[in-house]
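Right, one structure below, let's go through it.
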Amino acid sequence: MADARMSRGQWHAVTAGFLGWTMDAFDFFVVVFLVDTLAVQFGVSKKEIVTTLTATLAMRPVGALLFGLLADRYGRRIPMIINVMFFSIVGFSCGFAPNFSVFLVLRALYGIGMGGEWGVGASLVMEAAPKRWRGLLSGILQSGYSVGYLVAAVAARTVLPTFGWRAMFWVGGLPALLALYIRTKVPESKAWEKHRVGSFRDILRVVRKQSGLLGYLVVMIVLFTFLSHGTQDLYPDFLKTVHQFLPTTVAGLAIFYNVGAILGAIIFGQLSQMIGRRKSITAALALCLMVIPFWAFGSGLIPLALGAFVMQMGVQGAWGIVPAHLNEMAPDAARGLVPGMAYQLGVMFAAPTNNIEFALRDRFGYQWALAGFETITILLLATVVLLGREQHGKSFHDDD
């Protein structure tokens with residue numbers, strides 16, 4: 001048995017994965033707080049701005065395939081450095097977009113970078129973590145998504161009123177500094193060194209043999225994406241449209257409910273270490289289901305705030321288990337590719353989430369659109385998770 005304590009190199013790997021996902025999420029959620037602003041700036045409808053979110057989500061599998069193959073062939077570190085530089089440059093460039101067409105192309109390109117980061121970062125973190133820490137660190141890693149959302153909300157309250165919408169994207173250039181950190185501090189994964197294969201063809205052969213598993217994971221992540229993006233992306237617009245809250249109030253609420261998301265990811269991630277991945281995911285989903293009346297139909301600031309806080313505890317509580325669950329299920333020789341591809345293919349197929357909810361809003365009203373869509377999603381996801389399997393505690397090394 002290896003020492004269950006974390007070495008300095010392992011902590012650097014966890015930090016790099018967490019910061020990469022945080023910075024990626026920040027740049028994605030910036031658009032959520034700028035839907036009205038960008039529509040006016042580019043002279044288009046809000047629906048077209050929402051389409052840029054869909055374009056970002058739809059392009060993520062391209063990044064997962066490209067960077068996942070590189071990570072399984074050449075190691076985790078160098079592909080992650082390239083990925084961080086790529087999404088930093090593209091995110092920064094969005095602040096210079098002269099019109100909607102250029103902005104749409106840049107957001108699609110950003111999706112490639114965003115799609116590549118999660119798979120490489122998750123494999124790096126999970127392979128660095130001792131088994132007894134895996135659930136907790138899975139939750140911490142995935143909470144980077146909520147931290148990015150929270151930082152975007154803070155920027156919406158501070159950067160946006162003072163410096164304007166372009167500066168919101170210029171801040172997205174800062175992650176380039178993470179590449180230097182990875183280059184100097186993060187060690188290569190020992191699990192990759194042990195299980196590395198000789199060619200891209202060998203990696204794809206492994207994936208082909210696991211096509212059934214990949215298909216199951218994709219279906220699961222489609223529903224996970226309906227859960228997360230269906231409760232997050234349009235919620236600020238819902239609060240402004242239905243409840244007439246000011247943008248600063250909405251940003252403040254987003255900060256508050258993302259604190260709940262961070263807590264949920266860590267709590268349920270650790271719970272999964274004790275009772276298993278599937279039971280913990282189901283428990284988090286049950287929490288989401290119970291709070292829907294307050295989250296969607298609350299009549300005042302406090303009920304809505306508490307409902308959103310608990311909702312995101314459940315949403316990200318379930319998601320916090322995903323890095324560990326997918327990496328434990330993945331074949332050793334393709335751990336850089338399979339979790340990331342499953343994740344991002346699921347995201348791609350669920351990319352129209354916001355458009356679906358917008359269409360339901362026009363037919364049933366915003367409250368019933370959100371509540372109905374998420375109720376069905378939660379019930380389907382719980383069924384798919386419970387019917388599947390898990391490899392809780394799978395060893396990535398002979399000595400852990």
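Once you have the Cα-Cα distance between MET290 and GLN244, take 0.36 nm times their residue separation minus that, and quote the gain in nm to one decimal.
Details: separation 46, 0.36 × 46 = 16.56 nm, distance 2.53 nm.
That pair, MET290 and GLN244, stretches by 14.0 nm at full extension.
Under the convention that each Lys and Arg Cβ holds +1 and each Asp and Glu Cβ holds -1, the size of the dipole of segment 2-59 around its Cα centre is about 100 debye. Each peptide among 134-143, 68-77, 235-244, 273-282 gets the average number of other Cβ atoms lying within 10 Å of its residues, and from highest to lowest they stand as 134-143, 68-77, 273-282, 235-244. Once the C-beta distance of GLN367 and VAL40 is scaled by a Förster radius of 30 Å, the resulting FRET efficiency is 0.70 to the nearest 0.05. When a/c is below 1.5 the answer is rounded, else prolate if a/b is larger than b/c, else oblate, so apply that to segment 159-231 with a ≥ b ≥ c taken from the square roots of the Cα gyration tensor eigenvalues. Oblate shape, in that a/c is at least 1.5 and b/c is the bigger or equal ratio.
First select every other residue whose beta carbon is under 13 angstrom from the beta carbon of LEU204; then total the charges, Lys and Arg +1, Asp and Glu -1.
+3
Note on the chain: helix-only mean residue ellipticity at 222 nm, from DSSP H runs of 4+ residues weighted -39500 (n - 2.57) and normalised by residue number, equals -27000 deg cm²/dmol.
In nm, what is the difference between 0.36 nm times the number of residues separating ARG196 and GLN210 and their Cα-Cα distance?
Values: separation 14, 0.36 × 14 = 5.04 nm, distance 1.71 nm.
The ARG196-GLN210 span can extend by a further 3.3 nm.
What relative contact order, as a whole-number percentage, does the chain give when Cα pairs under 8 Å and 6 or more residues apart are counted? Each step should come with its number before you reach the end.
On the way: 737 pairs, mean separation 106.9, N = 400.
Once divided by the residue count of the chain, the mean separation gives 27 percent.
Relative protection proxy for 41-47, 227-233, 372-378, 93-99, from highest mean packing down: 227-233, 372-378, 93-99, 41-47 (other beta-carbon atoms within 10 angstrom).
With charges set only on the Cβ (+1 for Lys and Arg, -1 for Asp and Glu), what does the dipole of the chain come to about its Cα centre, in debye to the nearest 20? Don't skip to the end; give the middle numbers.
On the way: 32 positive and 22 negative charges, 120 e Å.
My answer is approximately 580 debye.
Apply 1/(1 + (r/R0)^6) to the Cβ-Cβ distance of GLU48 and THR383, taking R0 = 56 Å, and write down the FRET efficiency to the nearest 0.05.
Numbers: r = 35 Å, r/R0 = 0.63.
Plugging the Cβ-Cβ distance into 1/(1 + (r/R0)^6) gives 0.95.
Just so you know, all these numbers are worked out from the coordinates, no wet-lab data involved. From a predicted model like this one, the values you see are computed outputs, not experimental measurements. Backbone-built Cβ (ideal geometry, glycine too); neighbour counts: all protein chains shown.
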